[in-house]
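Heads up, the thing below is written out as structure tokens.
All of the numbers you see were taken from the coordinates with simple rules; none came from a lab. What you are looking at is a predicted structure, and each value in this text was computed from that prediction instead of being measured. Note: ideal-geometry Cβ built from the backbone for every residue, glycine included; neighbour counts use all protein chains shown.
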Amino acid sequence: MTAGALSPGEAARPGESQELEATFLRIRAAGRARGASPLAERLDLLERLEGALVAHKNAMADAVARDFGHRSRYETLLGEVLEVVFAIRHARAHLADWMAVQPREANAIFFPSSAQVVFQPLGVIGVISPWNYPLQLALSPLVSALAAGNRALIKPSELTPRTAELLAEITSKAMPADHVAVICGDSDVGEAFSRLAFDHLLFTGSTRVGKLVMRAASENLVPVTLELGGKCPVIVGAEAGVRTAAERIMAGKTFNAGQTCVAPDYALVPSAMKGSFVDACRHAVATLYPTFATNPDYTAIVSDAHYSRLQSLVEDAKSRGAETIELNASGETLAAAQRKLAPTLVLGATAGMRCMTEEIFGPILPIVTYVHLSEAIAYVNDRERPLALYYFGHSDAAIDRVLAETTSGGVTVNETLLHQVQDDLPFGGVGKSGMGHYHGRDGFEAFSTKKAVFRQSAFSATGLFKPPYGWATRALLRLLVGK
């Protein structure tokens, strides 16, 4: 996943830095003065957020579309607004249970006593969100933060400035000023933001920038959740229905024009199925997008720089001997100014090609062939652990083997993307694809501290653990651990 939150060696201008620091200190002071917010207040804040999101959904879709040059309204409503609304409703339905004190088992030797875990908010949560889903990836962490009783500062990407400004306006009206603030600005502001003494910092973006965020946060020992990305493989099993697999893979690959951190990055396909898979992909894209240039359902690449990078990935593959197939059924010539890139298959992709070493983040799908499933599993395991992995097939034995023998942040079987939108499943990466999880209960716990509480009765045997040690203590030790 890419994001432009930080650049090495930059610093916010003095006025911006001071204003940012003042906002942070004001919100932190309000939280410390008030303490943990009760259930009713958290439910109210979540309800306000949902109301604001629903009321301004069309304005938000328009803002995102302007930032992208063109962005499918339905992709914004389905992939961002609806996903956050579902997250809010899930949190509100389960929050009382999440907040409940958890009884734990006290060691019998301390009888009569009790042990429990109490969830308390951490304080002020920082959220650095990227451009590719500028609403969902700013507001989903906010849902978790508010559910856990925290306050929050959000720094959206500077690549989607209209969306960022609208987020700031809407949240300022819907949320108390001492609870939530959206900080707009360039990468200099992002760098200063990452250095604030948050109680937790969540960053969504590239691995390169994630390292900078983690380094900056370490100065204040701020714990971080990093949602990064990488190259998410899809394995097509020998027993898969080729047409269905191709339809679902290409739908996931072209949603938001492939600018999705959990999009299928490359496909591992049995050698014997290569031709039929390519034909099925061609048919699938023709059905999904009969045209591209004026098609309101097909999203543009976010910027000229990202568009040029994707073109260079295709050219690099060609120059190294790969065959590229543009899936453009109408044969349209797409103007560079539109930044609409037709889905492209790369056949004969090899390890040295840039499309096989860089996260693609666009509608380009390299295809790698294999003979035995063990080869596909080994191919995945020889590379960095991905944020997501997909398997298509109907053999329970093959599915179980892939699940057992690969490691990834999440898995969807016989579909793509959808594990990420299940509110009761954790979302997060592993290794280079990230650290930490959120969403649903896991988000509530990520932004809470688990306070251990032990209660001792007035009558107990704890005197045996204090000097002067005598025969009773010796007898206890002989009983528990021997002579």
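Treating the angle as unsigned and between 0 and 90°, give the value, to the nearest 10°, between the Cα long axis of helix 136-147 and the longest Cα principal axis of the chain.
10 degrees
What does DSSP give for the stretch 233-426 in terms of the percent of beta bridges that are antiparallel, rounded to the nearest 5?
Antiparallel bridges make up about 20 percent of those DSSP assigns within the stretch 233-426.
Which percent, to the nearest 5, of DSSP beta bridges fully inside the chain are antiparallel?
So the antiparallel bridges in the chain amount to around 35 percent.
Just to confirm the number: angle between the C-alpha axis of helix 242-254 and the first principal axis of the chain, 0 to 90 degrees, nearest 10?
With both axes taken from Cα atoms, the answer is about 70 degrees.
Please list the non-local residues whose amide H lies under 5 Å from the amide H of Y266, H modeled 1.01 Å from N, same-chain partners needing a gap of 5 or more.
C232, V234
What shape does the stretch 254-307 take by its C-alpha gyration tensor, where a ≥ b ≥ c are the square roots of the eigenvalues and a/c under 1.5 counts as rounded, a/b above b/c as prolate, and the rest as oblate?
Oblate shape, in that a/c is at least 1.5 and b/c is the bigger or equal ratio.
Compute for the chain: radius of gyration divided by Kirkwood radius, i.e. Rg/Rh, restricted to C-alpha atoms, rounded to two decimals.
Reported Rg/Rh (Cα atoms, Kirkwood Rh): 1.05.
Set Lys and Arg Cβ to +1 and Asp and Glu Cβ to -1, take the dipole of the stretch 113-231 about its Cα centre, and tell me which of L167, V118, F198 lies farthest positive.
Farthest along the dipole direction, towards plus: V118.
Averaged across orientations, what area in nm² does the convex hull of the alpha carbons in the stretch 256-396 project?
9.0 nm²
In the stretch 22-125, which GluC sites (Glu not before Pro) fall in coil by DSSP and have 14 or fewer other Cβ atoms within 10 Å?
Answer by residue number: E105.
Nearest 5 percent is fine: what portion of the DSSP beta bridges confined to the stretch 60-174 is antiparallel?
40 percent
Give me a comma-separated list of calculated 3J(HN,Hα) values for the stretch 80-93, in order, Karplus coefficients 6.51, -1.76, 1.60 applied at θ = phi - 60°, integers in Hz, x for any Gly or Pro.
Running phi through 6.51 cos²θ - 1.76 cosθ + 1.60 with θ = phi - 60° gives 10, 4, 5, 5, 5, 4, 4, 4, 5, 5, 5, 5, 5, 6 Hz.
Whose amide H sits under 5 Å from the amide H of L122, counting only residues 5 or more places off or on another chain, with H placed in the peptide plane?
Here T449 satisfy the definition.
Give a quick list of chymotrypsin sites (Phe, Trp or Tyr not before Pro) in the stretch 226-306 that DSSP marks as loop, anything other than H, G, I, E or B, with at most 14 other Cβ atoms within 10 Å.
Filter output for the stretch 226-306: empty list.
Enter the angle in degrees (range 0 to 90, nearest 10) between the Cα long axis of helix 274-288 and the first principal axis of the Cα atoms of the chain, meaning the one along which they spread out most.
90 degrees
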